Amino acid sequence: MTEATLNVDQHEVSKFEELAHRWWDPHSEFKPLHDINPLRLDFVDRRVGLSGKQVLDVGCGGGILAESMAVRGARVTGIDMGEAPLSVAKLHLLESGAEVDYQRTTAEAFAAANPGRFDVVTCMEMLEHVPDPASVVEACARLVRPGGHLFFSTLNRNPKSFLFAIVGAEYVLNMLPRGTHDYAKFIRPSELESWTRAADLELKELAGMTYNPLFRNYSLGHDLSVNYLAHCIRP
Ligand code: SAH
């Protein structure tokens, strides 16, 4: 594939490149990723037992999830198309002493070279930033071994998610820079489900990650209306 036909929206990747130096500052634009990380890390670990597993984190950014999975004992590879986020992720390893293999590539290209290589594939808060998310889901399905686990997280598309994820987070609470998210690219659980089905995956579970603006914290639950997580298995 040439650069022009890659499943990459350069404008989206540039947004993350510009902010990347603040990735590990828990009070920065990346605060929401820091805040949800313990929840999603435990969600994955409870279902797969991360220790000793071969794990791929697709769209790993500065490595918040990738590194935390390595600390739990997984052998983690992180891929992303952003140069600056990957540099930050690699630098942070020097500070933490964790080990992660970071590479600049797309899910599709990496899948062509590494079919069935991973026990677990995670792809968090990334699908809503790519031109063809179904193609990423399909690539993730090829990367995991039969019997392996996949985890996706993204933002739902409905009036409430518009209010919380765009108006609330970008305009009222100023948690995220304006323009971080494009509402039209948000993904309904039914859409994600149809893409996982098309990739021959079995969808095991959907869980919501809900933000409480009063206490300014997140919790896991059944409310899928804004942020949600999906757990799939490759049969
Ligand atoms: N998954 C991480 C980072 C989410 S931010 C976390 O949840 O902590 C979204 C990331 O997706 C950014 O780092 C961005 O560079 C990356 N990204 C966007 N489009 C991509 C693509 N087509 N291929 C690989 N990475 C991509």
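Values quoted throughout were computed directly from the atomic coordinates according to the rules given, and no laboratory measurement underlies them. It should be emphasised that the depicted structure is a prediction, and the values quoted were computed from it without experimental measurement. Positions of Cβ are generated from backbone atoms using ideal geometry, with glycine treated the same way; all protein chains shown enter the neighbour counts.
Roughly speaking, what is the stretch gain from Ala109 to Glu170, that is 0.36 nm per residue apart minus the C-alpha to C-alpha distance, in nm to one decimal?
Stretched out fully, the Ala109 to Glu170 stretch lengthens by 18.7 nm.
In a DSSP loop and with at most 10 other Cβ atoms within 10 Å, there are no GluC sites (Glu not before Pro) in segment 15-69. Decide, for segment 163-235, between rounded, prolate and oblate: order the square roots of the alpha carbon gyration tensor eigenvalues as a ≥ b ≥ c, take rounded if a/c falls under 1.5, and otherwise choose prolate if a/b is larger than b/c, else oblate. Oblate shape, in that a/c is at least 1.5 and b/c is the bigger or equal ratio.
Given the convex hull over the Cα atoms of segment 1-130, what projected area results after averaging over all orientations, in nm²? Spell out each step's value before the answer.
Working: hull surface 30.5 nm².
Over every viewing direction, the Cα hull of segment 1-130 projects on average to 7.6 nm².
When Glu191, Glu99, Glu12 are arranged by Cβ crowding within 10 Å, least crowded first, meaning fewest neighbours, the order is Glu99, Glu191, Glu12. Given their separation in residues at 0.36 nm each and the Cα-Cα distance between them, Val71 and Ala184 gain 37.1 nm when the chain is fully extended. Between rounded, prolate and oblate, where does segment 50-90 land on the alpha carbon gyration tensor, with a ≥ b ≥ c its root eigenvalues, rounded for a/c under 1.5, else prolate if a/b exceeds b/c? It is prolate, given that a/c is not under 1.5 and a/b is the larger ratio. Using θ = phi - 60° in the Karplus curve 6.51 cos²θ - 1.76 cosθ + 1.60, the 3J(HN,Hα) couplings for segment 66-71 round to 4, 5, 5, 6, 5, 5 Hz; x is entered for Gly and Pro.
First check a/c for the chain, with a ≥ b ≥ c the square roots of the eigenvalues of its C-alpha gyration tensor; if it is under 1.5, answer rounded, and if not, answer prolate when a/b is larger than b/c or oblate otherwise. Here the chain falls in the rounded category. Put in order of Cβ neighbour count within 10 Å, fewest first, the listed residues Leu224, Leu56 become Leu224, Leu56. Basic side chains Lys and Arg get +1 at the Cβ, acidic Asp and Glu get -1 at the Cβ, and with that the dipole of segment 1-131 about its Cα centre reaches some 520 debye. A Cα-only calculation for segment 87-203 places Rg and Dmax at 16.3, 45 Å.
Given only helices, namely DSSP H runs of n ≥ 4 each adding -39500 (n - 2.57), what is the per-residue ellipticity at 222 nm of the chain, to the nearest 500 deg cm²/dmol?
After summing the helix terms and dividing by residue count, I get -10000 deg cm²/dmol.
Placing unit charges on each Cβ (+1 for Lys and Arg, -1 for Asp and Glu) gives the chain a dipole about its Cα centre, and among Phe162, Ala98, Tyr228 the Cα reaching farthest toward its positive end belongs to Tyr228.
The distance linking segment 139-190 with segment 211-230 is 12 Å (Cα centroid to Cα centroid, whole angstrom). Could you list, in their original order, any pairs among Lys31/Lys204; Lys15/Lys204; Lys15/Lys90 whose Cα atoms are separated by more than 26 Å? Beyond 26 Å: Lys31/Lys204; Lys15/Lys204. Counting every other Cβ atom within 10 Å of each residue's Cβ, Trp195, Trp24 order from fewest to most as Trp24, Trp195.
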